[in-house]
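The values are calculated or read from the model by the stated rules, or taken from the named source; none is laboratory data. In this text the structure is predicted, and so the values were computed from the model without any measurement. Ideal geometry is used to build each Cβ from the backbone, glycine not excepted, and the neighbour counts take in all protein chains shown. We work out accessible area using only protein heavy atoms, side chains counted, and drop any ligands, DNA or RNA first. Shrake-Rupley method; radii C 1.70, N 1.55, O 1.52, S 1.80 Å.
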Amino acid sequence: MNLFRIFHKNWKPIFCFFGGLHEISASLVLINTTNKKLKIQKHFHSINREEDGFGEKDIVDALAQLIKKISKKTPLLLSLEQPFAKSTKVRFSVVRENALSPIDKEELENVILNLAWRLYDKERIFVSQKLKISEWDVVLADSKISDPRIDDRKVLNPIGFSGKSLSFCLENTYLNYLFWENIKDVLESWGGELVLCAEKNLIFDKISSLIERRDQIAFVEIGPYSTSVAVLGNYLNSYRLFEWGSMNLIKSLSQRLDVSLELAKELQDLYSRGGMSEAAHEWFKKIFEKELKILAQGIALAFKDVGLTEKISYIYLVGDLKDFPDTIPYLENQKWSATFFTNPVKIKFYDASQLIKDLNLELINFNESELTINLVMNLAAIFWVDNKYEEMNKILKRRIKWLNQNLLQKRQ
């Protein structure tokens with residue numbers, strides 16, 4: 001008798017793995033889709049704050065090591081950030097030659113194949129620039145179909161319907177060819193099922209659209225060497241990145257005082273704790289404000305070419321500088337452009353615990369101090385993955401495999 005199954009019959013395991021430039025994390029999670037509860041059974045988290053960060057080999061090695069301990073019956077959700085992956089989301093529409101005839105399987109397969117070819121051919125140059133690789137090294141690792149429509153009417157499966165136009169949304173995720181081959185080798189040795197491979201920004205796009213909100217919110221993630229900016233609910237298309245990070249504060253102090261980065265970090269910590277005299281505090285504050293000005297300018301510039309439909313009311317800060325006392329006061333005192341921001345714009349640090357609440361998830365028996373935004377987004381993505389369009393995605397999966405085999409022959 002399996003007591004676990006008796007007492008946990010509604011709980012399903014899933015393995016979530018996130019590979020980023022400065023963070024690798026993984027969790028074996030039990031989920032209850034009925035009431036959106038989660039139990040983390042195993043958790044791994046590693047940070048690399050060096051400027052080069054983690055590489056593709058680090059991610060593959062970590063995945064290979066961790067997945068050995070995971071049952072092959074456990075589905076895998078794989079999330080990667082740039083520069084390791086790039087996802088796109090596009091709605092395609094085709095006009096049918098015979099609008100009165102019902103769509104059959106052969107027609108649907110041909111439409112999916114043609115669109116997969118066209119989209120890959122259109123996107124690979126753009127993706128190669130984002131990933132900084134040759135366009136012939138771009139491989140389509142994962143693709144999902146959603147929201148099929150006939151003459152703009154939603155259907156679950158187009159087969160058997162007639163109409164003038166057929167459209168659906170395609171979500172593609174691209175990787176470096178050799179990187180993807182190494183990941184596939186790990187997965188084949190493991191023997192389990194990969195249910196999703198996606199760029200972090202696509203997952204953020206999906207999950208942030210689930211947060212109930214009345215106002216437009218800018219999401220600003222401050223890293224050690226760069227800062228990313230996007231609009232919640234339209235994350236993938238509005239995402240921008242600029243080269244300014246928390247290390248800029250330390251570097252500017254190091255250069256000004258001609259001291260090591262280690263000593264500059266200690267001085268910044270002393271300043272943050274309020275351990276300086278008033279005169280010294282004011283002197284250091286002026287140095288730090290010059291850097292915070294660059295941060296504010298970067299955030300403002302990020303929205304100039306996004307094409308906002310409504311003004312930003314809130315700026316949610318995540319990542320570094322949460323304990324730096326000047327961040328929010330300085331940003332609040334800026335004159336934000338009335339074209340893109342309300343007056344005043346409200347600024348706050350947004351943590352993973354609040355994200356859990358906003359998504360109406362319940363995390364059972366886990367230390368909230370270990371939560372990160374990336375971990376919560378990955379956990380929430382478990383509930384986003386569904387099988388509503390399973391038949392169409394089976395067709396797509398076969399066609400993508402065939403597409404990649406043909407591209408491999410051209411590559412050779």
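FRET efficiency for the ASP104 to ASN48 pair, using the beta carbon distance and R₀ = 41 Å, is estimated at 0.20.
Placing +1 on each Lys and Arg Cβ and -1 on each Asp and Glu Cβ, with no other charges, gives the chain a dipole about its Cα centre of roughly 1200 debye. Region 359-389 and region 127-160 have Cα centres separated by 24 Å.
Would you work out what percent of the accessible area of the chain, with all protein chains in place, is carbon or sulfur (probe 1.4 Å)? The C+S portion of the solvent-accessible surface of the chain is 48 percent. If the viscosity is 1.306 mPa s and the temperature 10 °C, what translational diffusion coefficient in µm²/s does Stokes-Einstein give for region 267-332 when Rh comes from Kirkwood over Cα pairs? It diffuses with D of about 116 µm²/s by this estimate. At a probe radius of 1.4 angstrom, the accessible area of region 249-301 per residue rounds to 59 square angstrom. Share of pairwise Cα-Cα distances greater than 12 Å in region 17-61 is 65 percent (whole percent). Label point of LYS335 set 7 angstrom out along Cα-Cβ; within region 299-325, amide nitrogens under 17 Å from it belong to 300-301. The stretch between ASP305 and ASP258 holds 13.1 nm of extra length on full extension. This uses 0.36 nm per residue minus the Cα-Cα distance.
Taking the Cβ of LEU317 as the centre, find all other residues whose Cβ is under 13 Å away and add up their charges (Lys, Arg: +1; Asp, Glu: -1). Computed value for this residue: -3.
Computed from the Cβ-Cβ distance with R0 of 22 Å, the FRET efficiency linking LYS57 to GLU135 stands at 0.45. Of all the options SER277, SER189, SER46, the one that moves most in a Gaussian network model of the chain with Cα springs shorter than 10 angstrom is SER277.
Among beta bridges identified by DSSP and lying wholly in region 205-345, the antiparallel ones come to about 50 percent.
Rolling a 1.4 angstrom probe over the protein heavy atoms with all chains in place gives region 76-176 an accessible area of 46 Å² per residue. Indicate the gyration tensor shape class of region 58-126 (rounded, prolate or oblate), computed on the Cα atoms with a ≥ b ≥ c the square roots of the eigenvalues: a/c under 1.5 is rounded; otherwise a/b larger than b/c is prolate and the rest oblate. In terms of gyration-tensor shape, oblate. Under 8 Å for C-alpha pairs, at least 6 residues apart: give me the relative contact order for the chain, rounded to a whole percent. This gives 18 percent for the chain. Each part reduced to its alpha carbon centroid, region 302-356 and region 42-106 end up 29 Å apart.
Using a Cα-Cα cut-off of under 22 Å, which lysines could be cross-linked to LYS132, ignoring same-chain neighbours fewer than 8 residues away? Excluding near neighbours in sequence, the set is LYS57, LYS86, LYS89, LYS122, LYS184, LYS200, LYS410. Find the percent of Cα-Cα distances in the chain that exceed 40 Å, and round it to a whole number. The share of Cα pairs beyond 40 Å in the chain comes to 23 percent. Here the spin labels are modelled as points 7 Å beyond Cα on the Cα-Cβ line, and at LYS346 and ASP185 they lie 5.2 nm apart.
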